[in-house]
Amino acid sequence: MAIVPQKERDIIMAQKVKVISDSTCDLSPELLEKYDITLTPLYITSGDEEFRDGVDVKPADIFRMVEKEDKTCKTAAVNIHDYKQTWEKYAGEYDEIIQICISEGFSACYQNALLAAEDFPQKEKIHVIDSRNLSTGQGYLVLDAAIMAREGKSANEICEYINKSKTLMNCSFVIDRLDYLHRGGRCSGVALISTKILGIKPCIEVADGAMRVGKKYRGKFEKCLEIYVKERLADFENVDLTRVFITHPACSPETVERVREVIKKCITFHEIIETNAGCTVSNHCGPNTLGIIFKQKSDYK
């Protein structure tokens, strides 16, 4: 009779935890499959048409609708029914389900998930977390949660770790053009014109669960990105070296490679992961947007 090592017995006996995230986490299909992460899609609307983020519509479709068909696209939260329907698929197979949502400051997803959990037949299994982030700021936390679930950690252990870690995320993007923000009502016409005339590339930062405008760079997009990366990584002693994401909707391979090389010159991360931003970031920021997202050792202000 084979003897199972204690560590393996502990994992076998541990809770089986399922990690689910809103589609705004912007993790690649490869990472989602590797770590058994399921997505709850947000919605993209254009006129009377409604699409599920990443299922019925991709960023390229949004760029086509906006730039070639002159349409305006809007985002809508995951609804209560969708959350409950997704959880029902896994409630029988898993002991616990962790749903990680985009920041409450950006969407009604978190509130809808709480309402869905309260009305769910097995609500004791459901743990809803407000990531206080978006894109791979959220994705970083989702990936950590999935890795911990694979290691046999309990849902409570995972939730405690994620709730502590979400204040440490350094999430930001540099935007080449503001016309997408202007279409969505998040940028005034005066700001749009002035940034075009002056060649300004604003940095949008996520802090305390909300977005704010950080430094405004000036010049060519690629040169601005180089300065941006160096400045974001300047406090290198406070950077968690586990991983850094390079996230963008549709930047050129040359631009991404240039950013990768600048990162390598600044800090040696264990992993540099490139991901494509999904429909939410793409709809608000446009194709030429790029951010580096990593975790800090102490709170980011």
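Overview of values
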{"quantity": "Number of positions in region 73-94 that are outside any helix (DSSP H, G or I) and in contact with a Ser or Thr (Cβ under 9 Å, 6 or more places away or on another chain)", "calculated": "6"}
{"quantity": "Per-region count, region 41-50, residues buried (at least 18 other Cβ atoms within 10 Å of the Cβ) and without any contact (Cβ under 8 Å) to a residue 60 or more places away in the chain", "calculated": "3"}
{"quantity": "Entirely in region 218-290, the helices (runs of 4 or more DSSP H) that have 2 or more residues that are among the charged types (D, E, K, R), without any contact (Cβ under 8 Å) to a residue 24 or more places away in the chain and farther than 30 Å from residue 71 by Cβ", "calculated": "221-232, 253-266"}
{"quantity": "Subset of region 250-265 (residues that are touching a Phe, Trp or Tyr at 6+ places or on another chain (Cβ under 8 Å) and either crowded, with 18+ Cβ neighbours inside 10 Å or polar (S, T, N, Q) (or both))", "calculated": "255, 263"}
{"quantity": "Pick from region 52-85, criterion in contact (Cβ under 8 Å) with a residue 40 or more places away in the chain and of a type in the set (Gly, Ala, Ser), ranking: surrounded by the fewest Cβ atoms within 10 Å (Cβ to Cβ)", "calculated": "60"}
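Where a number appears in this text, it was derived from the coordinates with a stated rule and is not lab data. This is a predicted model, so every value here is computed, not measured. Positions of Cβ are backbone-derived with ideal geometry, glycine not excepted, and every protein chain shown enters the neighbour counts.
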